[in-house]
Amino acid sequence: MAPAQPSVISSWFSSHCLTHLACVTLTFSPPLTDPTQMMSSEHLTCGWLQQLLVVLLKLCLTCAGPLRPLNRTECTAKGTASYILVFTGHWSPQAFPKQYPLFRPPAQWSKLIAVSHNHFFRLWEEGAPASAGVQNFAELGVTVELMKAAKEARKRRMVGAMYRTAGIPNGIGHSSTELLMHPRSPLLSLMVKMIPSPDWFIGIDSLNLCEGSKWKQEVTIDLQPYDAGTDSGFTFSSPNFPTSPPENITKITSQMPNHPANSFYYPRLKELPPIATIKITQQSRSHDRQTSMSNHILPNSVSPRRFSETPLDCEVSLWSSWGLCLGPCSRGGVRHRTRYILLRPANAGTPCPELEEQAECVPHSCMKLQ
């Protein structure tokens, strides 16, 4: 017989605590006959039973522990399911023109880390602090701590299997791997680091591939970038500047962080175009199939989805101070000021305004020519 889950034991134990306490109260109440003795003994017995009640109640709550919701739908599928997971990067200068990294290093994707698990494990979670493993992966692309935590959870039967795909040396490209999902671990979580970036990644948190007694046939998810909350950089090439104290994992949008220096700040867009896509397709497990798809880079004939180009408006600096007036103040003398381009326009964005301006001199700014 399989051991009961902690959540079931906790719920049963908590629901029976008051019944047991009532039995204890009745059992320890001694019979008394003398009225005087009865009155004094009643006070002693009441006080003693109250203390016992408090002690036993604390014991019950301690043993029961935190209650977990019991309304989760368990996977009742018979047997395992085999899937092909395809990761497609859409990180292009057309879709994301602002500060697009062209060299040292150019835009690219790290290896993909995927874990199958149950409801008692989280690889990462939006709105929660990043673990040490998530921080190391999001900042440096190092997988040691992340895989160590997954292996420890696997010993406790919270994780089923771990998978990897090869990295992609460009912002646009594909990688894939084979998944074998078990009813005990029907959830899938994954992460891919954006290179270069301070601590940005894309991922999926606890995707359930099982619906009751059936495995899903196909799932496609458009992905957006996330900030791990451990580095305070705004741009792809920002130097390492740790966030102290660390913040929670948050989704990066076209408006947040609300700062012009942010590489994903596109105030004209309601939302960012998908920077990557995950497609998971169930496959029939034939015994005569010999070629494994694991870590296989798909051929270039598989073209990525096409998205509309993102317009990038020109950004210019503030005006410099006015220069000295050249020429006589009373006969057409002029003064100048300038500004420079911070960000050149792209994809039919607003063109740059004039970078130089002149105005008539005023008497106090005149410079007499010798």
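The values are calculated or read from the model by the stated rules, or taken from the named source; none is laboratory data. In this text the structure is predicted, and so the values were computed from the model without any measurement. Positions of Cβ are generated from backbone atoms using ideal geometry, with glycine treated the same way; all protein chains shown enter the neighbour counts.
On inspection, residue 186 does not qualify as touching a residue at least 24 places away in the same chain (Cβ under 8 Å) and surrounded by fewer than 17 Cβ atoms within 10 Å (Cβ to Cβ).
Based on what the data block shows, is residue 102 in a loop (DSSP other than H, G, I, E, B), without any contact (Cβ under 8 Å) to a residue 12 or more places away in the chain and either within 21 Å of the chain's Cα centre (by Cα) or assigned by TED's automatic domain parsing to the domain that holds residue 268 (or both)? Criteria met by residue 102.
Contact map, the range 238-258: residues that are in the same structural domain as residue 128 (by TED's automatic domain parsing) paired with residues that are of a type in the set (Val, Ile, Thr), Cβ distance under 7 Å, separation 6+ or inter-chain. Pairs shown: 242/230; 243/230; 246/230.
Restricting 197, 232, 176 to those that are within 30 Å of residue 78 (Cβ to Cβ) and not aromatic (Phe, Trp, Tyr) reduces the list to 176. Over 18 Å from residue 98 (Cβ atoms) and in contact with a helix residue (DSSP H, G or I) (Cβ under 7 Å, 6 or more places away or on another chain) - does that describe any residue in the range 230-246? The answer is yes, given that some residue of the range 230-246 is over 18 Å from residue 98 (Cβ atoms) and in contact with a helix residue (DSSP H, G or I) (Cβ under 7 Å, 6 or more places away or on another chain).
Evaluating residue 238 against the criteria (1) in contact with an Asp or Glu (Cβ under 9 Å, 6 or more places away or on another chain); (2) part of a helix (DSSP H, G or I) leaves one unmet condition, (2).
Among the conditions (1) touching an Asp or Glu at 6+ places or on another chain (Cβ under 9 Å); (2) assigned to a strand (DSSP E or B); (3) among the hydroxyl-bearing types (Ser, Thr, Tyr); (4) crowded, with 21+ Cβ neighbours inside 10 Å, the only one that residue 197 does not satisfy is (2).
Taken as a whole, the condition of being modelled with pLDDT under 85, under 23 Å from residue 203 (Cα atoms) and surrounded by 14 or more Cβ atoms within 10 Å (Cβ to Cβ) applies to residue 295. Screening the range 328-370 for residues that are among the small types (Gly, Ala, Ser) and on the phi < 0 side of the Ramachandran plot and picking the one that is modelled with the lowest pLDDT gives 365.
Assess whether residue 181 counts as being modelled with pLDDT of 95 or more and buried (at least 20 other Cβ atoms within 10 Å of the Cβ). Against the criterion (modelled with pLDDT of 95 or more and buried (at least 20 other Cβ atoms within 10 Å of the Cβ)), residue 181 qualifies. Within the range 193-204, residues that are in the same structural domain as residue 146 (by TED's automatic domain parsing) and of a type in the set (Asp, Glu) sit with their Cβ atoms under 9 Å from residues that are buried (at least 24 other Cβ atoms within 10 Å of the Cβ) and assigned to a loop (DSSP other than H, G, I, E, B), at 6+ positions apart or across chains, in these pairs: 199/130; 199/228. Checked against (1) over 30 Å from residue 98 (Cβ atoms); (2) in contact with a strand residue (DSSP E or B) (Cβ under 7 Å, 6 or more places away or on another chain); (3) modelled with pLDDT of 75 or more; (4) among the hydroxyl-bearing types (Ser, Thr, Tyr), residue 284 passes all but a single condition, namely (2).
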